[in-house]
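Here is the structure we will look at.
The values are calculated or read from the model by the stated rules, or taken from the named source; none is laboratory data. As the structure is a computational prediction, the values presented were derived from the model and not from experiment. A quick note on method: Cβ atoms are made from the backbone with ideal geometry, for glycine too, and the neighbour counts reach across all protein chains shown.
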Amino acid sequence: MTKHNIFGSLYWKMASTLLVLLVIIGGAYIFITADTVQKYFQEKNQRLNIELAAHVVQEVKPSFQNGQVDEASMDKIMHSMMAINPSIEVYLLDSEGTILNYVAPYKKVKLERVNIAPILSFIDNEGQEFITGDDPRNPGVKKEFSAAPVMESGLLAGYVYVVLASEEYDMAAQELIGNYVMRLGGKTMLITLVATLLAGMLIFWFITRYLNQITAAVRRFKDGHLEERVPVKSSGELKLLAITFNDMAQEILNSIEKIKTTENLRRELVANVSHDLRTPLSVIHGYVETMLMKTDDIKPEQRNQYLETILKSTERLKKLVGDLFELSKLEAKEVQPKKEPFFITELVQDVSQNHKLAAEQKNITIVPVVDNNIPMVHADISLIERVLQNLMDNAIKFSKDGGIVTIETHNFGNDVEVKVTDTGRGIPQEDIPLVFDRYFNLSKSISSEKANDDPVSKSSVGLGLAIVKKILEIHNATIHLTSKLNKGSAFSFRLPVYQNY
Ligand SMILES: Nc1ncnc2c1ncn2[C@@H]1O[C@H](COP(=O)(O)OP(=O)(O)OP(=O)(O)O)[C@@H](O)[C@H]1O
Ligand SMILES: [Mg+2]
């Protein structure tokens with residue numbers, strides 16, 4: 001309802017403004033046409049009768065005596081004029097413009113003197129220019145005229161001044177002009193008005209209809225239909241409005257999605273954390289309780305065994321909390337890599353050295369393949385160390401006695417590849433994409449009963465590869481994994497060579 005009102009009124013406002021404008025333009029058009037047509041008639045009248053006054057002078061030869069025109073001349077003028085055109089008026093003026101006599105039957109003359117200037121210009125340019133002069137019967141009104149000088153014995157005696165359009169002529173002409181112009185203007189205006197109004201209303205309708213659509217879409221979006229979009233069809237500002245709204249809607253949707261994902265992650269994390277914390281905590285709780293209850297009955301070896309189990313559980317707790325903390329920070333994008341140039345080969349050797357003891361305990365050989373021609377890479381050294389540690393941990397953890405773990409580097413021009421290969425149990429093809437998920441623990445999925453007493457599973461939280469993936473992600477690198485079940489796995493990634501410009 002409201003929606004209709006807003007645009008309904010906008011529509012009518014636009015339409016009525018157009019109507020008013022058209023009426024004003026139409027009025028102006030009629031006025032200009034009437035004025036032009038009248039001027040045209042006047043000029044035409046003057047042109048046709050340029051010579052009239054000169055003819056009168058030639059035919060009648062009026063004689064001026066003592067500032068008076070003789071009656072015989074006046075009669076002659078009267079007769080010829082009445083026969084030709086009774087609507088014209090003939091005045092005889094002295095050289096100053098004073099009216100001496102006139103032929104204007106039954107009419108009242110109000111002026112005693114007419115302005116001589118237009119008469120002089122008319123005679124000067126031989127009537128080639130349209131000039132109007134005084135109408136002695138209507139002071140203030142200008143009329144078209146013809147004029148000629150009257151010479152007597154070589155001297156200027158006065159002028160014959162012929163007003164071409166008498167009042168009657170004018171009235172008749174004006175009525176006709178008015179009639180024609182009104183008819184012409186009226187028709188033209190009506191056609192223009194109807195056509196423009198129709199076109200205008202159609203355009204306005206299109207504009208307001210599109211605005212209506214946009215409003216409806218915005219309204220539906222506001223009411224929770226977040227998939228709502230405005231169809232982008234017109235051009236100009238409205239198209240821009242539609243595109244902007246659509247972009248904004250998408251942006252809002254993306255943000256909501258992001259919030260939802262983060263929220264889901266958070267929930268999952270809390271669930272997993274509480275689950276993972278509960279196991280070692282209940283182990284600790286159980287052993288401590290037993291020891292307290294049987295203080296005197298426990299043999300020293302048994303006590304040591306209990307304490308070792310408690311220690312392992314606390315170690316696991318410590319690792320779990322530490323890894324979770326690290327991963328959360330990485331996922332919240334709180335960690336930005338502090339990139340610096342360093343020799344990856346040195347780091348490889350350090351990490352190999354650090355894992356030597358753990359490897360020896362399982363009779364595993366670490367083979368660092370050191371290539372001295374590897375250039376410096378540009379990355380965060382401590383984060384990359386963490387990646388290598390996790391990969392080496394896994395390689396040793398998931399290898400059997402006598403296995404071999406190789407860590408090597410290759411130069412690919414702009415990149416250096418680091419690869420950790422083991423001869424361990426491998427990963428089933430279908431699980432390859434899953435191992436980088438948090439808490440993915442293959443030991444549980446491969447054999448659940450084995451997993452329980454598997455010392456490996458006890459030290460496995462399932463966050464190591466998720467951390468690896470995140471660290472490489474913030475370095476714009478990806479981890480690559482190839483693996484064959486019971487044959488071994490190879491994890492590799494590439495780092496950019498330090499460009500020393
Ligand atoms: N080199 C490997 N050989 C075979 N399986 C592997 C190897 N590396 C990882 N996996 C499998 O992928 C799973 C996920 O590895 P990840 O490092 O994320 O977790 P984890 O080693 O089990 O625990 P954590 O690293 O947090 O102590 C492992 O549980 C294991 O099943
Ligand atoms: Mg691991």
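Note on the range 190-205: residues that are free of Cβ contacts under 8 Å to residues at least 12 places away in the same chain and surrounded by 12 or more Cβ atoms within 10 Å (Cβ to Cβ) amount to 1.
Among the residues of the range 116-123, is there at least one that is touching a Pro at 6+ places or on another chain (Cβ under 7 Å), under 20 Å from Pro62 (Cβ atoms) and not in a helix (DSSP H, G or I)? No, the range 116-123 contains no residue that is touching a Pro at 6+ places or on another chain (Cβ under 7 Å), under 20 Å from Pro62 (Cβ atoms) and not in a helix (DSSP H, G or I). Among the residues of the range 82-99, which ones are out of contact with any strand residue (DSSP E or B) (no Cβ under 6 Å at 6 or more places or on another chain) and not β-branched (Val, Ile, Thr)? Result: Met82, Ala83, Asn85, Pro86, Ser87, Glu96.
If you check Ser235, Ser255, which single one turns out to be among the small types (Gly, Ala, Ser), more than 30 Å from Gly322 (Cβ to Cβ) and either outside any helix (DSSP H, G or I) or in contact with a strand residue (DSSP E or B) (Cβ under 7 Å, 6 or more places away or on another chain) (or both)? Even if it seems obvious, please write down each step before you answer.
Values: Ser255 fails: either outside any helix (DSSP H, G or I) or in contact with a strand residue (DSSP E or B) (Cβ under 7 Å, 6 or more places away or on another chain) (or both).
Criteria check complete, one pass: Ser235.
From the list Lys187, Lys233, the lone residue that is under 19 Å from the mean Cα position of the chain (by Cα), free of Cβ contacts under 8 Å to residues at least 40 places away in the same chain and farther than 30 Å from Leu463 by Cα is Lys233.
Count of the range 371-413 residues, restricted to those that are farther than 16 Å from Leu481 by Cα, away from ligand 2 (no atom under 16 Å from the Cβ) and charged (D, E, K, R), is 4.
Please verify whether the range 211-223 includes one or more residues that are outside any helix (DSSP H, G or I), farther than 20 Å from Lys13 by Cβ and free of Cβ contacts under 8 Å to residues at least 12 places away in the same chain. Scanning the range 211-223, I find at least one residue that is outside any helix (DSSP H, G or I), farther than 20 Å from Lys13 by Cβ and free of Cβ contacts under 8 Å to residues at least 12 places away in the same chain, so the answer is yes. Based on what the data block shows, is Leu241 outside any loop (DSSP other than H, G, I, E, B), touching a residue at least 40 places away in the same chain (Cβ under 8 Å) and at negative phi? For Leu241, the condition - outside any loop (DSSP other than H, G, I, E, B), touching a residue at least 40 places away in the same chain (Cβ under 8 Å) and at negative phi - is not met. Restricting Leu292, Leu238, Leu277 to residues that are hydrophobic (A, V, I, L, M, F, W, C) and exposed (fewer than 10 other Cβ atoms within 10 Å of the Cβ) narrows the list to Leu292. Could you grab me the full set of residues in the range 464-489 that are near ligand 1 (Cβ under 8 Å from one of its atoms) and closer than 15 Å to Ala395 by Cα? Gly464, Leu465, Val468, Ser483, Gly488, Ser489, listed by residue number. I'm trying to understand the selection: among the residues of the range 11-27, which are within 26 Å of Val181 (Cα to Cα) and among the basic types (Lys, Arg)? Selection gives nothing. Of the residues making up the range 375-399, those that are in a loop (DSSP other than H, G, I, E, B) and either within 11 Å of ligand 1 (Cβ to nearest atom) or crowded, with 21+ Cβ neighbours inside 10 Å (or both) number 2. Scan the range 101-124 for residues that are modelled with pLDDT under 85, of a type outside the set (Phe, Trp, Tyr) and touching a Phe, Trp or Tyr at 6+ places or on another chain (Cβ under 9 Å) and the total you get is 4. Checking the stated criteria, Ala157 turns out to be surrounded by 14 or more Cβ atoms within 10 Å (Cβ to Cβ), in a strand (DSSP E or B) and not basic (Lys, Arg).
Scanning the range 461-501 for residues that are out of contact with any Lys or Arg (no Cβ under 9 Å at 6 or more places or on another chain), buried (at least 19 other Cβ atoms within 10 Å of the Cβ) and of a type in the set (S, T, N, Q) turns up just one, Ser483. Scanning the range 321-356 for residues that are more than 26 Å from Val370 (Cα to Cα) and more than 16 Å from ligand 1 (Cβ to nearest atom) gives Ala332, Lys333, Glu334, Val335, Gln336.
Could you tell me which residue of the range 414-439 is surrounded by the fewest Cβ atoms within 10 Å (Cβ to Cβ), considering only residues that are more than 49 Å from the chain's Cα centre (by Cα) and away from ligand 2 (no atom under 13 Å from the Cβ)? Per the criteria, the residue is Pro428.
Pairs meeting the criteria (first residue in the range 390-414 and over 21 Å from Asp350 (Cβ atoms) and among the aliphatic types (A, V, I, L, M), second residue more than 15 Å from ligand 1 (Cβ to nearest atom) and in a loop (DSSP other than H, G, I, E, B), beta carbons under 8 Å, at least 6 apart or on different chains) are lacking.
Only one residue in Ala83, Ala53 is in contact (Cβ under 8 Å) with a residue 40 or more places away in the chain and either at positive phi or of a type in the set (A, V, I, L, M, F, W, C) (or both). Which one?
Residue meeting the stated conditions: Ala53.
The number of residues in the range 207-239 that are at pLDDT 90 or above and of a type in the set (Ser, Thr, Tyr) comes to 0.
Each row is one residue, and each column tells you yes or no for (1) within 22 Å of Asp170 (Cα to Cα); (2) surrounded by fewer than 16 Cβ atoms within 10 Å (Cβ to Cβ); (3) not assigned by TED's automatic domain parsing to the domain that holds Gly133.
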site	(1), (2), (3)
Asn45	yes, no, yes
Asn85	yes, yes, no
Tyr91	yes, no, no
Asp94	no, no, no
Leu100	no, no, no
Lys108	yes, yes, no
